[in-house]
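Only the coordinates and a few stated rules stand behind these numbers; no lab work does. Here the structure is a predicted model, which is why all the values come from computation and not from measurement.
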Amino acid sequence: MSENSRTVRLYYAYRATTANGFWIPYAYVYLLELGFGEATFGFANAAFLFTMVAAEIPAGYVGDRLGRRVSLGAGNLLATVVFGLHASVGSTPQVVALFAVWGVGYAFHSAAGEAWLYDLLDGRDDGTDEFARVSGRSETASLLASAGGALAATPLYWVDPALPFLANALLSAVGIAVLAALPATRGDEETTFSVRRAVRMLRVQAGRPEVRWLVVYTALFNLLLSMTRWLEQPALKAAGVPLAGFGALYASFQLVSAAGTWTTGWLQDSLGAKRFFLLLAPLVGVAYGLVAVVPAFVVPVVYLRRVLARVVGPLRDQYLNDRFDGFSRATMLSGVSMTLTLASGVSAAVFGPVAEAMGPLSFLPRAGIVVASLAALLWVGTNPVRLRSESGAVAGSRADD
């Protein structure tokens, strides 16, 4: 086994420690049982996303300047704090504050891991061509760990509602130790990269149509998938799914997501970015629209949401990584993540009360149809996913499709 192969496997182990399986099956159910509603979830998720936006450029700068592993370690540390305190919240401000802290921690995770992996693969023959495949498999490792945690969450929850959250805190803490065994990459070496240069480069990238419109296009789906995430537990409860089955149900969600992410490399090879993102709008529009006709269809929609949330990211990042310089890659990806989370944060703050007034089973299909329609119009008007020959890249560079 080569050194790089061992390192990639160690990275898979680290990604397993970022799993939220113990926490997620009862995260919102626990708050529902305490009397909080969808409006609180919307405000909490808005706080999470807005603080993530505020921390994205500083986090990307830390990744490029001080090292990817420093950034990842900060993310694990903050996640440990959030999971450990989740069961002790007693008011809406406390819920919002906890999610705000989690947003900062998530920002440290969001781009540094992908940038670290891309830099590692960039050092071997055709390594960057394998980015989508390896990134997808790292997501699979996280999802499998989440599935195991979700199965354990139900008995832990019935013994004491705090136990699943404490178990997830312990798992995140273990990840800090695993990080110490990962090697440094380019982003872990000293550079002269400045914050002013980072902001200037972000502006330059935003001016490139092949980057700008892909980010806008995926932001539409990102806000829909984000809303579905914090509405899924109220929606499942409204659809009649028993509380005792949430652990097993969420374990199955993670296993289906893991199977889906395992196909990320195949999707990249078979469809490429252009065809995949073209098919995304009709798929989402039809799936979410069916919930309006058959409310129980919200269950397969939640499955779909989890698969898409895992698959879209690696394919989007493969497309963008091929168009960013390696030296500043973490900062560039942080800028993209900042845009996506800002869109999701605005939607959470605005539509949380709307979803509570309408009910999740009424709100979600309408939101899905609107997003799919807007995405289709954007595709026709802007051609958001462009081959390298269409974007004026250097002749002879590798194409997407």
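Show me, for region 157-172, the HN-Hα J-couplings you get by feeding each phi into the Karplus relation (A = 6.51, B = -1.76, C = 1.60, θ = phi - 60°), rounded to Hz, glycine and proline as x.
Listing the rounded values in order: 5, 6, 6, 7, x, 7, 5, x, 6, 5, 5, 5, 4, 5, 4, 5 Hz.
Tell me the relative contact order for region 222-313 as a rounded percent, counting alpha carbon contacts under 8 Å between residues six or more apart. Please report the intermediate quantities before stating the final value.
Values: 39 pairs, mean separation 47.9, N = 92.
For region 222-313, the relative contact order is 52 percent.
Explain nothing, just the number: relative contact order of region 1-145, from Cα pairs under 8 Å at least 6 residues apart, as a whole percent.
On the way: 134 pairs, mean separation 53.8, N = 145.
This gives 37 percent for region 1-145.
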